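Notes follow once the structure below has been shown.
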Amino acid sequence: MNRRRAVVLVTEGAAPELLDRWGPDGLPAFGRLRSEGAWGTMRSELVPYEPPGLISAFTGHSPAEHGVFSYWDAHSPDYEPAVLDSSAPRRPLLWQRPELADLTTAVVNVFGTHPVEPLNGSCIAYPMRRTLHACHPRDLPVRLGRAGIHPAHDVNIWFTGQDRAEFTRKVLGADRARADAALHLFDGGQGEPPELLVLNLTAIDRLSHVYWQELEPGSPVAADDQAVRKAYQQVDEVLGEFLDRTDATTELLAFSEIGFGPLRAYVSVNDVLEVAGLLTKGADGRPDWAATEAFEAVQGTQGVNLNTAGRYKHGTVQPHRRAETERRVRTALLAHRNPYTGLPLFADVLRAEDVHSGPAADRAPDLILVPHDWRYLPLGDTHWSAQVHRTLQSGWHRRESYWGGIGRSFGTGTGATGQPLDVAPTVLRMLGRAPLADLTGSPLGAGG
């Protein structure tokens, strides 16, 4: 009996409006997936960000269970955001489960896989720092090099305002090399073909952050030269190559854990807190921790933390004053007007315990900010915002994206709106594996 195989293709940052705009004529593989398989909406957690979405997808658990809310720890005791790695999730990734120890897997470019851990197969990890050791087996880069494949890591390609053509070329080239590596592994180029292949393509996200403005009305950039459109076209090409490999025993799931949309400006929440008397800045512009009651959490979390005594090195908020401080912070933020529009900056300011319920909910920011207008967003911790040149961006994440599946597990037609934690049970069904009792998501499929 032939074994069942599954391809999971993450097209990070894909926006439904652009998939619709360019349609099957411009993106034929996406058109084929939609017409021949099942298709639906993927909706992220309240805060759309890659790390919590991907870890939810491949653990089958929510952020309150796995504890990953950003690329960085939202509550470093010394206030310096610590980069998270493969030791951070409190739930195992699907291919790390003992119940699936016999599953042969190839994983390419998924956050939360570095430092790389041995698995039954191959891994090109997603390192958050420069390293020569991000693969399993360790000599995999050498083997791939012999086949003419040289994948690069995202950490090597930062946008710093450099030439547009150069940056676009590097981003697209890195994604294409990762796709070539994944296809090579899937076809058995390094031994036994894996039962499960997971590939995360990041070019759409990377270029949408920087060049979204090229897509807007009045843009002087010709449609054929738009950097974001080139990213979609390349992803469509890769999707088509994997669709050509589907058959009676091989199924494919494509999705994005985040969507995308326009950004007009970031607004410093620390500035708002300073005006309200809740934060004092030092000479370097960063908070004077001994004179600060609340401060903005790391970028991507859309959060604010209370400078709680016992949790932070210079905590000023005693436990008995926490509720009163929280009330003052919420009042100040909800009253603040967007300096660009005159409208409220935030639609709501939610307590973490009202959003997240689970053993790792304490890793979330204390307060979560809901934007009134998603074109104007919290800046995030100023140190890391400057490191990644965040103020140069013209696009940011949205909650709605898509999922599409082809194979007997999915059927054809429109399926229900899914969420990232639905991915893990979907993969199990694609492989013909028994459900895992602790996963709360539902398999994605037409009419499901």
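Side notes on the structure shown:
- Test: residue 193 is outside any strand (DSSP E or B), of a type outside the set (A, V, I, L, M, F, W, C) and over 28 Å from residue 104 (Cβ atoms): no
- Candidates 74, 6 - the one that is among the hydrophobic types (A, V, I, L, M, F, W, C), closer than 22 Å to residue 354 by Cβ and not in a helix (DSSP H, G or I): 74
Residues are listed down the side, and each one gets a yes or a no for (1) in a helix (DSSP H, G or I); (2) over 23 Å from residue 417 (Cα atoms); (3) in the same structural domain as residue 385 (by TED's automatic domain parsing):
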residue: 42; (1), (2), (3): no, no, no
residue: 58; (1), (2), (3): yes, no, no
residue: 65; (1), (2), (3): yes, no, no
residue: 130; (1), (2), (3): no, yes, no
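- Taken together, the residues in the range 377-406 that are farther than 16 Å from residue 209 by Cβ and either in a strand (DSSP E or B) or not polar (S, T, N, Q) (or both) amount to 9.
- Number of residues in the range 42-69 that are surrounded by fewer than 24 Cβ atoms within 10 Å (Cβ to Cβ) and under 23 Å from residue 435 (Cβ atoms) equals 5.
- Residue 331 surrounded by fewer than 17 Cβ atoms within 10 Å (Cβ to Cβ) and more than 30 Å from residue 210 (Cα to Cα): yes
- Only one entry in 326, 293 is touching a residue at least 40 places away in the same chain (Cβ under 8 Å), under 18 Å from residue 351 (Cβ atoms), of a type in the set (Asp, Glu) and not assigned by TED's automatic domain parsing to the domain that holds residue 75, namely 326.
- Of all residues in the range 240-267, those that are over 19 Å from the mean Cα position of the chain (by Cα) and not aromatic (Phe, Trp, Tyr) total 15.
- In the range 80-108, the qualifying residues are those that are touching a residue at least 40 places away in the same chain (Cβ under 8 Å) and in contact with a His (Cβ under 8 Å, 6 or more places away or on another chain), and the one that is farthest from residue 424 (Cα to Cα) is 80.
- Residues located in the range 88-126, provided they are more than 14 Å from residue 194 (Cβ to Cβ), among the small types (Gly, Ala, Ser) and in contact with a Pro (Cβ under 8 Å, 6 or more places away or on another chain): 112, 125
- Some residue of the range 157-167 being aliphatic (A, V, I, L, M) and more than 22 Å from the chain's Cα centre (by Cα): yes
- Residue count for the range 407-430 satisfying the condition of being of a type outside the set (Val, Ile, Thr), surrounded by fewer than 18 Cβ atoms within 10 Å (Cβ to Cβ) and part of a loop (DSSP other than H, G, I, E, B): 3.
- Looking across the range 146-161, just one residue is surrounded by 12 or more Cβ atoms within 10 Å (Cβ to Cβ) and more than 19 Å from residue 200 (Cβ to Cβ), and that is 147.
- Scanning the range 189-232 for residues being polar (S, T, N, Q) and closer than 20 Å to residue 36 by Cβ gives a total of 0.
- Qualifying residues in the range 77-120 (those that are touching a Gly at 6+ places or on another chain (Cβ under 9 Å) and in a strand (DSSP E or B)) - the one nearest to residue 44 (Cα to Cα): 107
- In the range 143-177, the residues that are of a type outside the set (D, E, K, R), closer than 21 Å to residue 198 by Cα and part of a helix (DSSP H, G or I): 144, 145, 155, 171, 172, 173, 174, 177
- Within the range 339-363, residues that are assigned by TED's automatic domain parsing to the domain that holds residue 269 and closer than 12 Å to residue 63 by Cα sit with their Cβ atoms under 9 Å from residues that are surrounded by fewer than 18 Cβ atoms within 10 Å (Cβ to Cβ) and of a type in the set (Lys, Arg), at 6+ positions apart or across chains, in these pairs: 359/90; 360/90; 363/90.
- Total residues in the range 351-370, condition farther than 22 Å from residue 439 by Cα and crowded, with 19+ Cβ neighbours inside 10 Å: 6
The values are calculated or read from the model by the stated rules, or taken from the named source; none is laboratory data. Being a predicted model, the structure only gives us computed values, none of them experimental. Cβ sites come from the backbone with ideal geometry, for glycine too, and all protein chains shown count toward neighbours.
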